[in-house]
Amino acid sequence: MVKRDFVSIADLSPERFRRVIVTAVDLKRRGPQTLLAGKSLALLFQKPSLRTRVSFDIAMHQLGGHCLYLAPEEVGLGKREAPQDIARVLSRYVSIIAARTFAHRDIELLAKYATVPVINALSDHEHPCQAMADLLTVHEKLCGLQGRCIAFLGDGNNVAASLAMGAALGGAHFRIASPKGYELSQSVAAKAAEWSRGRFEMLRDPVEAVRGADVVYTDVWTSMGQESQREQRLKDFHDYQVTPQLLAKAKPGALFMHPLPAHHGEEVAAGVVDLPQSVVFDQAENRLHVQKSILLDLLGAEA
């Protein structure tokens with residue numbers, strides 16, 4: 001079998017995207033399996049994590065496999081040892097690698113030199129596993145993605161990039177409203193626009209973005225590694241906070257989504273995460289189920 005990686009949402013065709021979602025729904029219903037007995041996953045992390053680490057670890061456990069966590073100080077990715085050397089060493093030990101890095105280039109190098117599949121568990125360019133969990137959640141809650149409108153407010157960051165491309169693959173309408181200077185990259189916008197066939201919009205006004213939307217989504221204004229920009233970002237994103245008043249501009253009962261961790265009182269007003277229409281913790285749970293599906297897809301195992 002030709003080695004496949006999941007470095008970007010762009011690695012999926014529309015058909016493979018749908019298969020990963022459908023398989024995740026089935027795995028969630030069926031519970032623990034032994035489909036990856038004898039397989040091992042290495043978690044190679046530069047950044048701290050709650051959901052990513054735990055969901056991958058439990059995913060492998062529930063599929064009958066084994067997971068090994070490698071902390072930043074143990075490996076020193078890109079400092080103590082080059083990504084290409086780490087990739088070739090780990091390929092001799094494990095069945096698959098999931099890496100959480102600061103620089104997307106490190107993920108690309110791992111994928112290039114590893115002889116086993118590599119998963120992007122977060123980089124500065126994309127967060128594809130998060131986007132797949134989000135879109136699984138929309139699929140479940142709204143009985144499908146086709147024609148649904150997802151409004152993203154805030155920074156055109158890694159989460160927004162993966163979500164925009166994933167929404168396009170799933171047939172959803174994606175709108176993003178960002179302050180000037182914080183837009184999605186041109187390459188991501190071009191892909192999303194091409195794949196969505198006119199169902200992709202980049203806007204400035206958050207009210208315009210959420211009007212009539214099925215889903216209102218936001219993320220932190222200051223991500224890990226951007227702490228020095230925090231004060232400027234608080235000013236620039238001031239008008240993009242998701243409040244109950246802003247949610248009321250969307251469709252009645254529109255879902256509220258956030259990938260977590262949330263900065264309550266910044267990008268999302270206090271209490272919004274706890275509203276009945278919030279599916280924030282369903283998203284978090286679905287990291288487990290969609291990552292099971294991704295692992296099976298990359299390792300060529302039948303669900």
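The values are calculated or read from the model by the stated rules, or taken from the named source; none is laboratory data. These figures come from a predicted structure and were not determined experimentally. FYI the Cβ positions are ideal-geometry reconstructions off the backbone, even for glycines, and counts take in every protein chain you see.
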Tally the residues that are among the hydrophobic types (A, V, I, L, M, F, W, C) and under 17 Å from R92 (Cβ atoms), restricting the search to segment 110-127.
5
Could you check G78 against (1) more than 30 Å from G144 (Cα to Cα); (2) touching a His at 6+ places or on another chain (Cβ under 6 Å); (3) of a type in the set (G, A, S) and say which number it fails?
(2)
Out of the residues in segment 221-242 that are at pLDDT 95 or above and under 23 Å from the mean Cα position of the chain (by Cα), which is surrounded by the most Cβ atoms within 10 Å (Cβ to Cβ)?
V242
Name the residues in segment 25-44 that are at pLDDT 95 or above, of a type outside the set (K, R) and under 22 Å from V116 (Cβ atoms), would you?
L27, T34, L35, L36, A37, G38, S40, L41, A42, L43, L44
Residue under question is P83, and the condition is that it be more than 21 Å from Q283 (Cβ to Cβ), buried (at least 19 other Cβ atoms within 10 Å of the Cβ) and out of contact with any Pro (no Cβ under 7 Å at 6 or more places or on another chain); does it hold?
yes
When you check P259 against the structure, is it in a loop (DSSP other than H, G, I, E, B) and under 18 Å from the mean Cα position of the chain (by Cα), yes or no?
yes
Considering segment 183-239 alone, what residues qualify as being of a type in the set (A, V, I, L, M), touching a residue at least 40 places away in the same chain (Cβ under 8 Å) and over 20 Å from H125 (Cα atoms)?
V207, A209, V210, A213, V215, V216
Hits in segment 133-149 (condition: surrounded by fewer than 17 Cβ atoms within 10 Å (Cβ to Cβ) and in contact with a Gly (Cβ under 6 Å, 6 or more places away or on another chain))
Q146
Scanning for something more than 14 Å from P83 (Cα to Cα) and free of Cβ contacts under 8 Å to residues at least 24 places away in the same chain, does segment 120-143 turn up at least one residue?
yes
Going through G76, G65 one at a time, which residue ends up being small (G, A, S), surrounded by fewer than 19 Cβ atoms within 10 Å (Cβ to Cβ) and not assigned by TED's automatic domain parsing to the domain that holds A190?
G76
Is it true that some residue in segment 67-76 is among the small types (G, A, S) and within 17 Å of P117 (Cα to Cα)?
no
Condition check: touching a Ser or Thr at 6+ places or on another chain (Cβ under 9 Å) and assigned by TED's automatic domain parsing to the domain that holds Q277. Does F174 satisfy that?
yes
If I21 satisfies all but one of (1) outside the structural domain of T115 (by TED's automatic domain parsing); (2) β-branched (V, I, T); (3) surrounded by 20 or more Cβ atoms within 10 Å (Cβ to Cβ), what's the number of the condition it fails?
(1)
Is it the case, given these coordinates, that A303 is touching a residue at least 12 places away in the same chain (Cβ under 8 Å) and either over 19 Å from H173 (Cα atoms) or surrounded by 21 or more Cβ atoms within 10 Å (Cβ to Cβ) (or both)?
yes
